[in-house]
Amino acid sequence: MSFDVTFPLVLLAAYGLFNLLLSAAVVLSWRAGLRRHLTDADAVLGVRLLPAMGSAALVLTVVLPAFLMYEPRHAHDQPGPLLVVSALFALLVLGDGIRRGLRASRATRALVRGSQPLPARPAAGGPQVTVINVKEPLVGVVGGLRQRIVAARCVATACDDEEFRQVLAHEAAHMDARDNLKLLLLLTMPDALAWSSTGSALTEHWRAATELEADERASGADPRKRIALASALIKVARLSMASGRPRRASRVSTQLSGLEHRVRRLLAPSAAMRRSFPARRLLTCALLVPLLAVPLYASVHRLIEALVAFGR
């Protein structure tokens with residue numbers, strides 16, 4: 001098989017193998033108690049993105065240059081079954097990531113198209129909000145790059161002015177943090193972790209962390225704002241239970257266990273968010289990997305040759 005065919009197969013196969021190994025490492029770390037050390041949303045996000053982003057970085061900074069430097073252009077290698085299976089696995093996870101992204105995009109468009117915009121409720125000093133006529137008591141940010149807040153009319157009616165302002169401030173905090181764009185990344189990451197319960201648990205853990213952080217940014221240390229937001233959370237939860245359709249898209253009404261935790265935190269004195277996970281140090285170490293691999297390119301190429309020939 002010619003160089004032009006072997007080259008993309010090697011890159012795909014390396015991505016698939018790295019992806020599987022890093023996904024397994026995350027699963028084992030999570031089961032070993034990693035969750036206890038993930039106290040902020042960015043740390044959870046970094047761990048969840050590790051298999052896909054780490055695999056891509058290793059392929060582009062280690063495998064790619066090693067193969068180009070040491071592989072003869074005139075070589076004609078017959079790929080072994082491990083190379084082909086690994087490349088097909090990589091294509092599978094890439095395709096599944098695209099599928100999940102398209103599904104999320106279609107769901108957002110269906111929500112916007114299927115709702116009837118109503119005159120916005122005045123919210124002095126707060127962000128703009130589009131009130132929509134839907135039965136479900138939803139409140140949330142829609143869009144990744146072009147974000148906007150939407151709220152069901154029943155929520156705007158149930159909350160008083162101060163409560164609704166705090167609801168909007170909470171959603172504005174999500175907008176400032178670009179949480180919708182981060183959620184899209186979580187949903188579309190092409191990795192084996194997406195097929196495991198650990199991947200779902202990490203996503204839910206990230207969602208819960210973003211809710212707590214948005215609550216803190218929206219209300220700060222002001223007891224009046226914290227009580228108003230807690231009251232709004234309870235009202236939206238009651239609307240959700242009365243509707244018989246538990247909310248999934250809304251950021252304000254969440255599962256009851258998470259809701260109770262958020263309300264208790266809001267009614268307690270404000271505390272600074274703890275950031276104990278050494279994310280920056282780990283990122284620095286990860287950036288050093290490509291540099292440390294430069295003297296090992298010849299060895300990496302021998303491993304690539306073994307991968308190509310395995311099982312042949």
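Coordinate-derived values only; no laboratory data. As the structure is a computational prediction, the values presented were derived from the model and not from experiment. FYI the Cβ positions are ideal-geometry reconstructions off the backbone, even for glycines, and counts take in every protein chain you see.
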Quiz prompt | R0 of 35 Å, Cβ-Cβ distance ALA242-LEU64: FRET efficiency to nearest 0.05 | solution = 0.05
Quiz item: Once amide H atoms are placed 1.01 Å from N in the peptide plane, what residues at a sequence separation of 5 or more from THR130, or on another chain, have their amide H within under 5 Å of its amide H?
Solution: ILE149, VAL150, ALA151
Quiz item: How much FRET efficiency would the formula 1/(1 + (r/R0)^6) give for LEU92 and GLU162, where r is the Cβ-Cβ distance and R0 is 51 Å, rounded to 0.05?
Solution: 0.50
Exercise. Between VAL84 and ALA56, with labels modelled 7 Å along Cα→Cβ, what's the label distance in nm to one decimal, could you check?
Key: 2.9
Exercise. Using a/c under 1.5 as the rounded threshold, could you call the stretch 59-98 rounded, prolate or oblate? The axes a ≥ b ≥ c are square roots of the C-alpha gyration tensor eigenvalues, and prolate needs a/b larger than b/c, oblate otherwise.
Key: oblate
Practice problem: Run down the lysines and flag those whose C-alpha is under 16 Å from the C-alpha of LYS225, throwing out any fewer than 8 positions away in its chain. | Solution: LYS235
Exercise. Output the peptides 196-203, 47-54 sorted from most to least packed, where packing is the average of other Cβ atoms within 10 Å over each peptide's residues.
Key: 47-54, 196-203
Self-check item: Computed label-point distance, nm, for sites ARG99 and SER196 using a 7 Å Cα→Cβ extension
Solution: 2.0
Quiz item: Order of ILE132, ILE98, ILE234 from fewest to most other C-beta atoms within 10 Å?
Solution: ILE98, ILE234, ILE132
